[in-house]
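Here's the structure, in structure tokens; my notes come after.
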Amino acid sequence: MLASPGLGSGLDVNNIVGQLMEIERRPLTILDGKEARHQAQLSAFGSLKGALSSFQTNISALSDPANFTAVTANFSDDAVATASASSSAIAGNFSVEVQALAQAQKLKSENFASPNATIGSGALTIQFGSYDGGIFTLNPEKAAQSITISPDQASLAGIRDAINDADAGVSASIINDGNGDRLVIASQDTGLSNALKITVTDDDLNNTDNTGLSQLAFDASTGGVSNLTETVAAENAELIVDGISISKASNTISDAIEGVTLDLLKADIGNNKTLSISRDTASVQEAIQSFVTAFNDLGTTITNLSRFDAANNQASILTGDATLRSIQNQLRGAFNTALSTSGGGLTTLSEIGITFQADGTLGLDTDKLDSILNDSTKDISTLFAAVGKPSDSLVSFINAAPETQNGSYVLNITQLATQGNAIGSNAAALTINTGANDVLDLDIDGVSTSITLAAGSYTADSLAAEIQSKINGATAISSANINISVTQSAGVLNITSDQFGSASTVSITGGSGITDLFGAPVETNGVDVAGTIGGLIATGSGQTLTGTGDSSGLALQISGGATGPRGTVDFASGFAVKLNQLVENMLENDSLIDSRIDGINSSIKDIDTQRDSLNRRLDDVERRFRAQFAALDTLVSNMTQTSNFLQQQLANLPTIGDS
């Protein structure tokens, strides 16, 4: 056996085998070409999904009806105030005079030698309200706050930090006035109703003297203890709007002019400024133009992926692809069906100037769009967004689901939502005594708590405010984002949850004050709204009624009114909503595109399998070729040796002439 192929025969075996194997490997080249085409298709579908995603981002904005009802507000002097407006604001001009800014009350302590000076330990109870004629009236909307001052926090700096860490609606700081350090406590909210009353539970057992923690007591009512001094009084903002005097607790005023928020910056007595409210049609035009551009950009991507260059007889990677053609047809088809029951006086995009051009792109007639935007009888939001228009003013459209069908639905209410409450059976005692009748145990909306009322004599109103403040300030209640209101009628107290529906409950479960304050309380749980939408029984949860059948997913808020027929709700999913859902379906898992991509990946996997099998076969073929050429080489070598031997023997034979 020769050590190297071809040495015996002189043949270039490696070159011959190599050329033979190139022929054998031609199927591999074909497979590589197929894989390259599949990889190019994957890249193309990736580009398509990216373009669809970009288009979806654009149309998502048009799916929100609020984007079509934007309103602009302009204040003529932005040094005095600034303004913003919501969609509920009414266009018009207002005369505004800012007479005074709201301010927060600030209190100061006496001077101390340093921030490390020891003050005392115990607890501070912060209450918010207003002082008038020596009487402190609790702000029922602000919960009482308790701040524990431990012995290791008893210094001036420690008390400051404890107050700030408590997030109790007040802030504390230390100011050195040249003679010493003072603790300054400020209400975080402005307004007359946010003045402070600070009572102390002093660890030295004297809560009213001017030593220990009681040095921080403040009660400006008649007979109250005020060891702090007021440096800034609580004040309301005062302004005049169109000749009407307005007083508000905050410099940010959102409830004076419907839909308008004013931020007051400076008083300017005697000078009227102009507040102008107008519809923001420019942003709507921009959004619609952006929609048209985004659709055309998507169309360009699809065209580039599928076009055929007739001049060069060159196809694109997805030319003739059925999936791409289906997507293109679905997108264009979404524009061709007029809306029904939109309730806004518009049913087709052509009515606002959006039409297909000869080249397949969308065009926008801005003059036509501008005309519609300035037509008060047309609501363009219904053409794009999912909008429900109830005929009853106490019924509000919340949202809808993709499966909600366009239509006009008759609404009938059989039960209004109510709030859970507990009402006393007799007039409440108006004197609270420590340890005798000052504790109430309650369960509010499924959360249990216990409160302790401040001892003292009350009016029915001030007692209601005290109870409301303490309940809303209880940690278990506030951390669960629960709120209650307490009212009185002829001295009888009523605790009401602010939640509607079957989850709304108020139960007075015990405590030393239950009998004096409520007698045998009558407790009533809330109920959910009930009724039908489109003649089918709907699902109620609190004040929300959600449809079934064709109106499935249509959610309405029933804010009050009467039971019985409540008019109709016209609902339509506009073009942006439909397109958004269509694109969402195209992009989700198991979609047409993903199925196509899965098919391509499967083909690539098959090619890998074929390639592995073919490579194994080629290895066998090459081994066979080399074995055959090795045998041939050996045979030729042996024949050559025989030839050489015979030639030698013949050469040694005597010639005929030599005998």
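The values are calculated or read from the model by the stated rules, or taken from the named source; none is laboratory data. Here the structure is a predicted model, which is why all the values come from computation and not from measurement. So basically every Cβ, Gly included, is an ideal-geometry build from the backbone, and we count neighbours across all protein chains shown.
Of all the residues in region 621-655, those that are part of a helix (DSSP H, G or I) and either surrounded by fewer than 10 Cβ atoms within 10 Å (Cβ to Cβ) or of a type in the set (A, V, I, L, M, F, W, C) (or both) number 17.
Scanning region 222-246 for residues that are touching a residue at least 12 places away in the same chain (Cβ under 8 Å), of a type outside the set (A, V, I, L, M) and on the phi < 0 side of the Ramachandran plot turns up Thr222, Gly224, Asn227, Thr229, Glu230, Thr231, Glu235, Asn236, Glu238. Among residues that are under 18 Å from Thr125 (Cα atoms) and surrounded by 22 or more Cβ atoms within 10 Å (Cβ to Cβ), Leu463 is included. Of all the listed residues (Thr281, Thr337, Thr300), the sole one being in contact (Cβ under 8 Å) with a residue 40 or more places away in the chain and among the hydroxyl-bearing types (Ser, Thr, Tyr) is Thr281.
Could you tell me which residue of region 361-381 is modelled with the lowest pLDDT, considering only residues that are in a loop (DSSP other than H, G, I, E, B) and not basic (Lys, Arg)? Write out each step before concluding.
Going through region 361-381, the residues in a loop (DSSP other than H, G, I, E, B) turn out to be 361, 365, 374-380.
Now restrict to residues that are not basic (Lys, Arg): 361, 365, 374-377, 379-380.
Working: Thr361: 90, Asp365: 94, Asn374: 87, Asp375: 87, Ser376: 81, Thr377: 87, Asp379: 86, Ile380: 88.
In this case the residue turns out to be Ser376.
Restricting attention to region 307-315, does a residue exist that is surrounded by 14 or more Cβ atoms within 10 Å (Cβ to Cβ) and either of a type outside the set (D, E, K, R) or at pLDDT below 85 (or both)? Checked against the condition, which is being surrounded by 14 or more Cβ atoms within 10 Å (Cβ to Cβ) and either of a type outside the set (D, E, K, R) or at pLDDT below 85 (or both), region 307-315 yields no hits at all. Between Ser393, Ser425, the distinction of being polar (S, T, N, Q), in contact with a helix residue (DSSP H, G or I) (Cβ under 8 Å, 6 or more places away or on another chain), within 30 Å of Ile495 (Cα to Cα) and part of a loop (DSSP other than H, G, I, E, B) belongs to Ser425 only. When region 223-254 is filtered for residues that are more than 22 Å from Tyr131 (Cα to Cα) and either in contact with a helix residue (DSSP H, G or I) (Cβ under 6 Å, 6 or more places away or on another chain) or buried (at least 20 other Cβ atoms within 10 Å of the Cβ) (or both), only Ile253 remains. Scan region 437-446 and tell me whether some residue there is small (Gly, Ala, Ser), at negative phi and either within 33 Å of the chain's Cα centre (by Cα) or in the same structural domain as Leu517 (by TED's automatic domain parsing) (or both). No, region 437-446 contains no residue that is small (Gly, Ala, Ser), at negative phi and either within 33 Å of the chain's Cα centre (by Cα) or in the same structural domain as Leu517 (by TED's automatic domain parsing) (or both). Can you confirm whether Ala287 is closer than 30 Å to Leu373 by Cα and either surrounded by fewer than 19 Cβ atoms within 10 Å (Cβ to Cβ) or of a type outside the set (Asp, Glu) (or both)? Judged against the criteria, Ala287 is a match. Count of region 591-606 residues, restricted to those that are out of contact with any Ser or Thr (no Cβ under 7 Å at 6 or more places or on another chain), in a helix (DSSP H, G or I) and either farther than 13 Å from Gln39 by Cβ or without any contact (Cβ under 8 Å) to a residue 24 or more places away in the chain (or both), is 7.
Can you find, within region 336-373, the residue that is farthest from Thr303 (Cα to Cα) among those that are aliphatic (A, V, I, L, M) and surrounded by fewer than 14 Cβ atoms within 10 Å (Cβ to Cβ)?
Ala338
Within region 485-497, one or more residues are without any contact (Cβ under 8 Å) to a residue 40 or more places away in the chain and either part of a helix (DSSP H, G or I) or not acidic (Asp, Glu) (or both). Selection over region 473-521 of residues that are of a type in the set (Phe, Trp, Tyr) and within 33 Å of the chain's Cα centre (by Cα) gives a count of 1.
Count of region 19-36 residues, restricted to those that are in a helix (DSSP H, G or I), basic (Lys, Arg) and surrounded by 14 or more Cβ atoms within 10 Å (Cβ to Cβ), is 1. Put simply, of Asp263, Asp297 the only residue that is at pLDDT 95 or above, out of contact with any Lys or Arg (no Cβ under 8 Å at 6 or more places or on another chain) and not aromatic (Phe, Trp, Tyr) is Asp263. Once region 286-303 is narrowed to residues that are of a type outside the set (Asp, Glu) and within 25 Å of the chain's Cα centre (by Cα), the residue that is farthest from Ser84 (Cα to Cα) is Ala294.
Across region 85-110, the qualifying residues are those that are part of a loop (DSSP other than H, G, I, E, B) and modelled with pLDDT of 95 or more, and the one among them that is farthest from Asp161 (Cα to Cα) is Leu101.
Scanning region 39-72 for residues that are farther than 23 Å from Phe575 by Cα, in contact with a helix residue (DSSP H, G or I) (Cβ under 7 Å, 6 or more places away or on another chain) and either crowded, with 18+ Cβ neighbours inside 10 Å or free of Cβ contacts under 8 Å to residues at least 12 places away in the same chain (or both) turns up Gln41, Ala44, Phe45. Set side by side, the residues Ile175, Ile149, Ile135, Ile90 differ, and just one is more than 38 Å from the chain's Cα centre (by Cα), in contact (Cβ under 8 Å) with a residue 24 or more places away in the chain and more than 27 Å from Gly456 (Cα to Cα), which is Ile175.
One residue stands out among those in region 273-284 that are surrounded by 14 or more Cβ atoms within 10 Å (Cβ to Cβ) and more than 25 Å from the chain's Cα centre (by Cα): the one that is farthest from Ala100 (Cα to Cα), which is Thr281. Filtering region 555-585 to residues that are crowded, with 20+ Cβ neighbours inside 10 Å and either of a type in the set (Val, Ile, Thr) or more than 27 Å from Glu351 (Cα to Cα) (or both) leaves Ala555, Leu556, Ile558, Arg566, Thr568, Val569, Val577, Val583. Would you check if there is a residue in region 374-397 being out of contact with any strand residue (DSSP E or B) (no Cβ under 8 Å at 6 or more places or on another chain) and of a type in the set (Asp, Glu)? Yes, the conditions are met somewhere in region 374-397. Taking the criterion of being buried (at least 20 other Cβ atoms within 10 Å of the Cβ) and modelled with pLDDT of 85 or more, the only residue of region 586-596 that qualifies is Met586.
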